[in-house]
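K.L.:
Have a look at this one before I ask anything.
Laboratory data are not the source of any read-out in this text; all were calculated from the coordinates shown. Bear in mind the structure is a predicted one, so any value in this text is a computation, not a measurement. Here the Cβ positions follow ideal geometry from the backbone for every residue, glycine too, while neighbour counts run over all protein chains shown.
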Amino acid sequence: MNQTINPKYPRIASRFSALTFNDFRLLIIMQIISSMRMPIIFVTQSWYVAITVPENQRLLALGILSALRGIAFLGYALFGGTFADRFPRTRVIYVSHFAGLFSVLIIGGLLLIPIVNNGEGLWLPVMMILFATFGIINAQDMPTRTAMIRDTVPEPLLPQAITLHQLAMSIGLLIAAPLAGFSIDYFGFAATYLIAGLTHIAVLIAVRKMSVLSAADPEASSDSIIKNLQQGLISLKINPVVRWTILSNWVVTSLGLSVMGGLIAAWINDVLMLEASDWGIMIIFWGVGGVFASTWLSWKNNLQHLGLWYLGACTLMGLSILGFSITRIVLLAFILNGIVGFSYQLILTLSVDIIQREVPNRLMGRTVGILMLASGIMQIVGIFAGLLAQNLGIETIYLAAGFATILFSIGLILFQRPLRSVT
């Protein structure tokens, strides 16, 4: 770690004292940049599928796209977390973003071809398979960046650093949200995809400026990767707080984001009767909600009763999804979407905070990788949500997701004392 000002960092009153460390500042820059890329690619992929398939197949196609990304994410995420512990994390980031840049250039180049851009013939399923590489890149990048927080600040500043790291994600989303929809409307799929590639270049430049960090678990390289994976499960087996934090994150994310993420393109187009640029505006509300959540956590600094706040955020997410599914007033839908973003940001930040407090650094990459399996599981659930929406109606599925999230969260509050009691 490279401290740039007053060494008495624990006594600094500023809520942003973690930013006095050069490596952490670079990590924040990387987080903002990467968080700009993710919504651009996600919106581009989803809107491409939504408008190139027949209307009566749209929900199923979006569910399949979500499942393909989820399978790719799940198939690699545990290895991604293992590599984040086994090798220097800066090197892992560099390799993953170089691979990501290559993927974006290939896909963006193909989208320049008219028959590909229109999803004609076999090109639609081919592109959906290629889109799944997005899940692989995220499966390596996300747990590695999150685990690096522990490498870039001292222990007393860890809660603050986690909050600032999540705030950076919300800021990146807020910047990119309007860009994605408007870029698709005015420049097309290919140009939008290639714009996203610029973020990989920026991260490659930033990571080269970071201090060379040794592997978090140097002894891991002497064992097989399978044994490394088994070691990563230790915390889940012996610590009920870690176990239930991860399991609850999986369930709430799968229930909530399978509809608010996987099926949202169809909801915007078919229920709210809006365009891609309007989706971009809706994402701004999500991003604003995330910024509010992260700013509030940063202001509170060392939040007490983490377990109750975490479970409360899960409940709020269910309530806001339920409200979103009921209203047809566009402005109210946007506001409720922002509340979903607010609650989800709380869930992300507090779950990472709990994990960082409970798990040793040498196992951090693997444990965070397991936590982030939620993103892949959610996308797998998306295909079932799409099938159910195709047969039962999309409104029914949104209502069910809201109710199920609320009931599950209340059940945890009532019956999971270890998680509820985390302070």
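K.L.:
So how strong a dipole does the chain carry about its Cα centre when Lys and Arg Cβ are +1 and Asp and Glu Cβ are -1, to the nearest 20 debye?
P.N.:
It comes to approximately 1220 debye.
K.L.:
Also: Scanning the chain for helices, which whole DSSP H stretches are 20 Å or more long along the axis (Cα) and average 0.5 or more by Kyte-Doolittle?
P.N.:
Once both thresholds are applied, what remains is 22-52, 58-86, 89-110, 158-187, 189-208, 240-260, 276-300, 306-326, 330-358, 373-392, 394-415.
K.L.:
Next question. Find me the longest stretch of the chain that has none of the exposed trypsin sites (Lys or Arg not before Pro), where exposed means in a DSSP loop (not H, G, I, E or B) with at most 12 other Cβ atoms within 10 Å.
P.N.:
9-208
K.L.:
For K209, go through the aspartates and glutamates and keep the ones whose alpha-carbon is under 17 Å away, minus same-chain ones fewer than eight residues off.
P.N.:
D23, D151
K.L.:
By a straight-distance test (C-alpha under 18 Å), which aspartates and glutamates pair with K227 as possible cross-link partners, with residues fewer than eight away in the same chain excluded?
P.N.:
List returned: D85, D217, E219.
K.L.:
Rounded to the nearest 500, what is the chain's calculated 222 nm mean residue ellipticity when only DSSP H runs of at least 4 contribute -39500 (n - 2.57) each, over all residues?
P.N.:
-26000 deg cm²/dmol
K.L.:
As a footprinting exposure proxy, order V242, V153 by other Cβ within 10 Å, with the fewest listed first.
P.N.:
The fewest-first ordering by Cβ neighbours comes to V242, V153.
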